[in-house]
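The values are calculated or read from the model by the stated rules, or taken from the named source; none is laboratory data. Quantities reported herein were computed from a predicted structural model and do not represent experimental measurements. Please note: Cβ atoms are built from the backbone with ideal geometry, for glycine as well, and neighbour counts cover all protein chains shown. Accessible surface is based on the protein model in full, side chains and every heavy atom, while ligands, DNA and RNA are left aside. Shrake-Rupley method; radii C 1.70, N 1.55, O 1.52, S 1.80 Å.
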Amino acid sequence: RVYILDASEQVIIENCEECEIVVAACCSTTFVRQSKNCKLWVAAKQMYMIGCSNITVKHFCVIPPNIEKCTDIVFGVFNVRFPRAFEAWTRAGLLSEKNKCIKHYRKVYDADAESGKKHFTIERFVRSDDTTSCSSFGTL
């Protein structure tokens, strides 16, 4: 398990298997490459996934996520809470963009869409208090 709970300029997640990763406030781009069987929570300006499989991503992205050469990706709404989240998101410039993120949670750009296969699904959003506290992941 990896937790990045402060504003970061850029995040690269590469060659991960069976991981749970929280990227709570990325000012620019989060890249996910060659990873599989993971659960991710990503709050970022944008996210690119390349060569990934069987990943669930709960995201809050200003620009809709991009996937390329990926299979079995499930997208949902970012639902992690942690101390000082407001400050981290403010420093990353995400709060001023929240309306765009809410509109984009169902949008994904699939670079391989012309292949005729569906490479991702989107979880149905149900407004509730169903949030995950980072403390439920273990000791921070």
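Are any residues in the range 58-72 within 16 Å of Val23 (Cβ to Cβ) and open to solvent by less than 20 Å² (accessible area, probe 1.4 Å), and if so, which ones?
Taking the range 58-72 first, the residues within 16 Å of Val23 (Cβ to Cβ) are 58-63, 65-66.
Correct list: His59, Cys61, Val62, Pro65.
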Within the range 14-37, the residues that are open to solvent by less than 10 Å² (accessible area, probe 1.4 Å) and over 11 Å from the mean Cα position of the chain (by Cα) are Ser35
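May I ask you to say which residue of Ala44, Ala24 is in contact with a Ser or Thr (Cβ under 6 Å, 6 or more places away or on another chain), part of a strand (DSSP E or B) and at pLDDT below 95? Let's see the steps before the verdict.
Details: Ala24 fails: in contact with a Ser or Thr (Cβ under 6 Å, 6 or more places away or on another chain).
Selected residue: Ala44, the only one of Ala44, Ala24 that is in contact with a Ser or Thr (Cβ under 6 Å, 6 or more places away or on another chain), part of a strand (DSSP E or B) and at pLDDT below 95.
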Which count do you get for residues in the range 89-113 that are among the aliphatic types (A, V, I, L, M), out of contact with any Lys or Arg (no Cβ under 9 Å at 6 or more places or on another chain) and at pLDDT 90 or above? 1
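Are any residues in the range 38-48 open to solvent by 10 Å² or more (accessible area, probe 1.4 Å), free of Cβ contacts under 8 Å to residues at least 60 places away in the same chain and either hydroxyl-bearing (Ser, Thr, Tyr) or touching a Phe, Trp or Tyr at 6+ places or on another chain (Cβ under 9 Å) (or both), and if so, which ones?
Of all residues in the range 38-48, those open to solvent by 10 Å² or more (accessible area, probe 1.4 Å) come to 39, 41, 45-46, 48.
Applying the additional criterion that residues be free of Cβ contacts under 8 Å to residues at least 60 places away in the same chain yields 39, 45-46, 48.
Answer for the range 38-48, where residues must be open to solvent by 10 Å² or more (accessible area, probe 1.4 Å), free of Cβ contacts under 8 Å to residues at least 60 places away in the same chain and either hydroxyl-bearing (Ser, Thr, Tyr) or touching a Phe, Trp or Tyr at 6+ places or on another chain (Cβ under 9 Å) (or both): just Tyr48.
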Hey, any hits in the range 78-88 for a residue that's open to solvent by 40 Å² or more (accessible area, probe 1.4 Å) and within 22 Å of Glu123 (Cα to Cα)? yes
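Considering only residues that are closer than 19 Å to Lys117 by Cα and in contact (Cβ under 8 Å) with a residue 24 or more places away in the chain, look in the range 49-65 and name the one that is nearest to the chain's Cα centre (by Cα).
Pro65
So, Ile67, is that one farther than 17 Å from Ser8 by Cα and at pLDDT 85 or above or not?
Working: farther than 17 Å from Ser8 by Cα: yes; at pLDDT 85 or above: yes.
It is true that Ile67 is farther than 17 Å from Ser8 by Cα and at pLDDT 85 or above.
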